[in-house]
Amino acid sequence: MTAPVDDLRAAIQRSRAILALTGAGISAESGIPTFRGPGGLWRSYSPEQLATPDAFARDPLLVWTWYDWRRGIIRGAEPNPGHRALAELEKLKGAGFTLVTQNVDGLHERAGSRRVVKLHGDIWKVRCTGCGASSVNDEVPLPELPPRCSCGALLRPGVVWFGESLPEDEWERAVEASRGAEVFLVAGTSAAVYPAAGLAALARARGAKIAVVNPEDTPLDGLADWVLRGLAGEVLPRLAG
Ligand code: OAD
């Protein structure tokens with residue numbers, strides 16, 4: 001009998017369409033805190049106070065102070081072998097590989113992934129709440145909190161908050177790739193946040209095989225053909241090799 005990891009690697013090698021869905025867990029080994037679970041950000045901070053449009057309207061300074069702090073952690077972090085393995089898979093499979101992430105940290109791109117579908121935005125982008133202009137801003141720390149646009153209005157982080165829609169183009173790309181996937185690999189996400197977590201069921205309904213890489217149980221384990229209990233930085237390199 002082959003080990004599940006070898007079996008999954010063989011399925012990936014055979015497959016013409018692979019989708020990898022990642023979440024905060026893939027960046028945990030880079031030292032970036034996750035949201036849920038022990039040590040997760042939502043243990044000490046409330047999403048309602050920090051990651052909703054209402055929170056920003058109420059207290060933009062508090063929200064920006066939190067994002068500025070997280071930008072500082074991310075700036076000091078490096079991609080880990082899990083990110084690099086997914087970049088390697090993209091190289092091996094070309095257009096047959098789609099990476100969809102809920103992460104806003106940019107570590108997939110820094111590891112060499114070229115085509116990343118970013119469902120929850122990008123912490124290195126800002127958007128003006130007045131004129132709507134969007135731009136890259138990688139200053140850490142920000143010189144002024146909360147930051148303002150040249151038009152005078154407040155800038156907001158270029159991320160998706162609870163209660164907001166996902167960027168339409170990115171969502172469509174994710175849905176299309178999910179529908180066509182032969183192997184749907186879920187790594188480092190609690191699969192607790194929709195609609196992203198629903199992509200696996202969509203793929204499964206179209207015949208994809210599901211693989212979960214996570215040290216903990218996830219709600220997708222019951223759907224999965226492979227459940228690999230382990231750290232992304234240890235398991236994913238064995239799949240790309
Ligand atoms: P979570 O914090 O909910 O889940 C992180 C997952 O990673 C958990 O299932 C952990 O068991 C797992 N994990 C931890 N270390 C790992 C490792 N080294 N290798 C593999 N897995 C590991 O993060 P997300 O699922 O990304 O949204 O959360 C989804 C969304 O909820 C985020 O994008 C964010 C959050 O609130 C918004 O802020 C809108």
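The values are calculated or read from the model by the stated rules, or taken from the named source; none is laboratory data. All values reported here derive from a predicted model rather than from experimental measurement. Neighbour counts are summed over all protein chains in view; Cβ atoms, including those assigned to glycine, are modelled from backbone coordinates with ideal geometry. Remember, those area values only see protein heavy atoms, side chains included, never the ligands or the DNA or RNA. Shrake-Rupley method; radii C 1.70, N 1.55, O 1.52, S 1.80 Å.
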Within straight cross-link reach of K125, meaning Cα distance under 18 Å, which aspartates and glutamates are found once same-chain residues fewer than 8 apart are removed? D68, D105, E109, D138, E139, E144, E164, E168, D169, E170
Remind me, relative contact order of the chain in percent, using alpha carbon pairs under 8 angstrom and six or more residues apart? 25 percent
Please list, by residue number, every one of the GluC sites (Glu not before Pro) in the stretch 115-223 that is coil in DSSP and has at most 14 other beta-carbon atoms within 10 Å. E139, E144, E164, E216
Could you check how much of the accessible area of the chain is carbon and sulfur, as a whole percent, using a 1.4 Å probe? 51 percent
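What are the semi-axes of the equivalent ellipsoid of the stretch 86-154, taken as the square roots of 5 times the eigenvalues of the Cα gyration tensor, listed largest first and rounded to whole Å? Could you put the intermediate results ahead of the total?
On the way: eigenvalues 195, 31, 14 Å².
Working through the eigenvalues yields semi-axes of 31, 12, 8 Å.
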Can you find, among A28, G121, W64, the residue farthest towards the positive end of the dipole of the stretch 1-138? Put +1 on the C-beta of Lys and Arg, -1 on that of Asp and Glu. G121
For the stretch 1-59, the Kirkwood Rh over every pair of distinct alpha carbons, in Å, works out to 14.9 Å
Leaving out ligands and nucleic acids, and using a 1.4 Å probe, what accessible area per residue does the chain come to in Å²? 47 Å²
Where the centroid of each part is defined by its Cα atoms, how far is the stretch 165-241 from the stretch 110-126 in Å? 18 Å
Looking only at Cα atoms, what is the convex hull volume of the stretch 174-217 per residue, in Å³? 63 Å³
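Based on the Kirkwood radius over alpha-carbon pairs, what is the Stokes-Einstein translational diffusion coefficient of the stretch 144-222 at 37 °C with 0.692 mPa s viscosity, in µm²/s?
The Stokes-Einstein estimate is 221 µm²/s.
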Just to compare against my own numbers: the Cα pair-distance distribution for the stretch 25-72, 5 Å bins, whole % per bin, please. 5, 21, 27, 24, 16, 7, 1
Could you order C149, C131 by accessible surface area, starting with the largest, using a probe radius of 1.4 Å? C131, C149
If every alpha-carbon in the stretch 84-241 counts as one equal scatterer, what log10 I(q)/I(0) does Debye give at q = 0.18 1/Å? -1.13
Sum -39500 (n - 2.57) across every DSSP H segment of at least 4 residues in the chain, then divide by the residue count to get the 222 nm mean residue ellipticity, nearest 500. -10000 deg cm²/dmol
Within the stretch 1-47, which chymotrypsin sites (Phe, Trp or Tyr not before Pro) sit in a loop by DSSP and count at most 16 neighbouring Cβ atoms inside 10 Å? Y45
Sorted largest first, the Cα spans of the stretch 41-133 on the principal axes come out in Å as 47, 31, 19
